[in-house]
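Peer 1: One structure, pasted below without further comment.
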Amino acid sequence: MRRDLIIGIIASALIHGGLFGTSFLPEKPQPPAPVEEVPTIELMEMPELEIEPEEIVETDEPVEIPEFAPPMQTDVPQLVTVDSFVQPIQPPPPENMKPVTGVVSIPTARQTGLGKGIEVFDINKLDQPPVPKFRAKPQYPFEMRRAGITGEVVVEFIVDANGDVRNAFAVRSTQRDFEQAAVQAVSKWKFRPGKKGGRAVNTRMQVPIVFTLNDE
């Protein structure tokens, strides 16, 4: 009887020890929670572009170049008269204004000869001086006539062996507005050429051209 009681007590202790014995054991440490990694964006380098070489086709055919011809103008013959090179006169100024002086530009380069190797004589060294055959009258400038201005221009020129006037220019003048008209008129003159030793020669001359309001 005692043996059965002892065995029962021992069995009961083992059962209770197996069920509750684990509560007295120390707890095992828990592993740390895994850390979530933050995703990162990785930059990639752009690959280099591959440039395809241009295909050049070689041919033996000649290249045609377009020809652009300049526009053609009709060639109309014109008759050149004695007055073709006369400069037109500017319109007259208002009555309350003074005449404009110095508008006409006269070339300053003075040619004293006919060229290299051509001899020109002074009139006082000739056996026979040039004799005028035709003398054109100078045109009175409109502005100067309207303003009542008179003047004088000394023109120097050369009478060649044919009696024509060459290299005429104004030496001095009282009003520069008269110079062009005087030079143009003298350039149209015709002479019987001067002579030296029985032959016609080139002669240098000077003549005064007077502009007065009484000349008609």
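Peer 1: Any chance you could count how many residues in the range 123-141 are farther than 16 Å from ASN162 by Cα and loosely packed, with under 13 Cβ neighbours inside 10 Å?
Peer 2: The total comes to 4.
Peer 1: Continuing with this model, one more query. Is there any pair linking a residue in the range 150-166 that is among the basic types (Lys, Arg) to one that is not in a strand (DSSP E or B), with Cβ under 7 Å and at least six apart or on different chains, and which?
Peer 2: Short answer, once both residue conditions are applied: ARG166/LEU114; ARG166/ASP160.
Peer 1: Could you list, in sequence order, the residues of the range 115-155 that are touching a helix residue (DSSP H, G or I) at 6+ places or on another chain (Cβ under 6 Å) and either at pLDDT below 90 or within 15 Å of GLN175 (Cα to Cα) (or both)?
Peer 2: Residues satisfying the conditions are PRO138, GLN139, PRO141, MET144, GLY151, VAL153, VAL155.
Peer 1: Now, a different point. If you check ARG204, ARG192, ARG176, ARG199, which single one turns out to be over 43 Å from the mean Cα position of the chain (by Cα) and within 21 Å of GLU152 (Cα to Cα)?
Peer 2: None of the other options fit; the residue is ARG204.
Peer 1: Let me ask another. Restricting attention to the range 177-206, which residues are more than 21 Å from ASP122 (Cβ to Cβ), crowded, with 17+ Cβ neighbours inside 10 Å and out of contact with any helix residue (DSSP H, G or I) (no Cβ under 8 Å at 6 or more places or on another chain)?
Peer 2: Scanning the range 177-206 gives GLU179, GLN180, ALA181, ALA182, GLN184, ALA185.
Peer 1: For the range 164-216: of the residues being aromatic (Phe, Trp, Tyr) and not in a helix (DSSP H, G or I), which is nearest to LYS133 (Cα to Cα)? Spell out the reasoning first.
Peer 2: We begin by selecting, within the range 164-216, every residue aromatic (Phe, Trp, Tyr); these are 169, 178, 189, 191, 211.
Of the ones still in play, those that are also not in a helix (DSSP H, G or I) are 169, 189, 191, 211.
Details: PHE169: 20, TRP189: 8, PHE191: 5, PHE211: 21 Å.
Going through the qualifying residues, I end up with PHE191.
Peer 1: Based on what the data block shows, is THR174 under 30 Å from ASP127 (Cβ atoms) and of a type in the set (S, T, N, Q)?
Peer 2: Judged against the criteria, THR174 is not a match.
The values are calculated or read from the model by the stated rules, or taken from the named source; none is laboratory data. Computed from a prediction, not measured in an experiment: that's the story for all the values here. When we count neighbours, we look across all protein chains shown, and the Cβ atoms used for this are built from the backbone with ideal geometry, even at glycine.
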